Amino acid sequence: MTRGAELPAVVDRYIAAVNARDWAAIAPCFTDDAEFWTLGVRTAHGSARIAKQLRESMGALPETYDEVVRVAVDGTIVFVEMVFRGRTTAGNAFEVNAADVIELTPDGSAITRVAAWFDSAQRPT
């Protein structure tokens with residue numbers, strides 16, 4: 001894994017929670033009025049709804065893992081390039097290139113917005 005910068009603590013906790021499928025640990029990473037925008041998916045508003053949408057969207061995939069390959073931080077903006085790997089319910093392995101643009105509170109303690117981008121041509125079926 002190569003990184004241009006270290007992940008801020010809250011972003012590290014968020015990615016670790018997603019990888020562990022620890023849905024209860026996701027909501028505390030976000031502000032109550034946070035926004036989670038994903039290409040091709042309905043935008044989720046609020047920490048509880050974000051955690052629920054992630055759980056529901058990844059529930060159809062029995063195995064997933066985000067591998068962070070590059071990080072860039074500019075103040076409260078964090079760019080995270082990843083390879084999203086997993087396995088479908090049919091047992092087929094997949095790999096999708098992805099990137100999140102994450103906005104933090106001024107003190108960096110919570111996430112206020114995520115814009116999640118991925119290569120839709122590689123989307124698992």
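Quick look at the values:
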{"read-out": "Gyration tensor verdict on the range 36-114 (Cα atoms; rounded if a/c is under 1.5, prolate if a/b is larger than b/c, oblate otherwise)", "value": "oblate"}
{"read-out": "Between the range 38-74 and the range 12-36, the Cα center-to-center distance that results, in Å", "value": "9 Å"}
{"read-out": "Distance between modelled label sites at Asn97 and Trp23, nm, 7 Å Cα→Cβ extension", "value": "3.2 nm"}
{"read-out": "Cα-based helix-to-principal-axis angle, 9-20 vs the chain, degrees rounded to 10", "value": "20 degrees"}
{"read-out": "Positive-pole candidate from Val10, Val101, Phe84, dipole of the chain, charges at beta carbon", "value": "Phe84"}
{"read-out": "Using alpha-carbon coordinates, inclination of helix 47-59 to the longest axis of the chain, degrees", "value": "20 degrees"}
{"read-out": "Per residue accessible area in Å² of the range 1-68, where ligands, DNA and RNA are left out and the probe is 1.4 Å", "value": "53 Å²"}
{"read-out": "Cβ charges +1 (Lys, Arg) and -1 (Asp, Glu), total dipole of the chain, debye", "value": "420 debye"}
{"read-out": "Linear extension gain, Val83 paired with Lys52, 0.36 nm per residue minus alpha-carbon span", "value": "8.9 nm"}
{"read-out": "With every protein chain in place, the chain: carbon and sulfur % of accessible area (1.4 Å)", "value": "52 percent"}
{"read-out": "Whether the range 2-44 is rounded, prolate or oblate, judged on the alpha carbon gyration tensor where a/c under 1.5 counts as rounded", "value": "prolate"}
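The values are calculated or read from the model by the stated rules, or taken from the named source; none is laboratory data. Remember, predicted model here, so these are calculated numbers, not experimental data. Cβ: placed from backbone, ideal geometry, glycine included. Neighbour counts: every protein chain shown. Remember, those area values only see protein heavy atoms, side chains included, never the ligands or the DNA or RNA. Shrake-Rupley method; radii C 1.70, N 1.55, O 1.52, S 1.80 Å.
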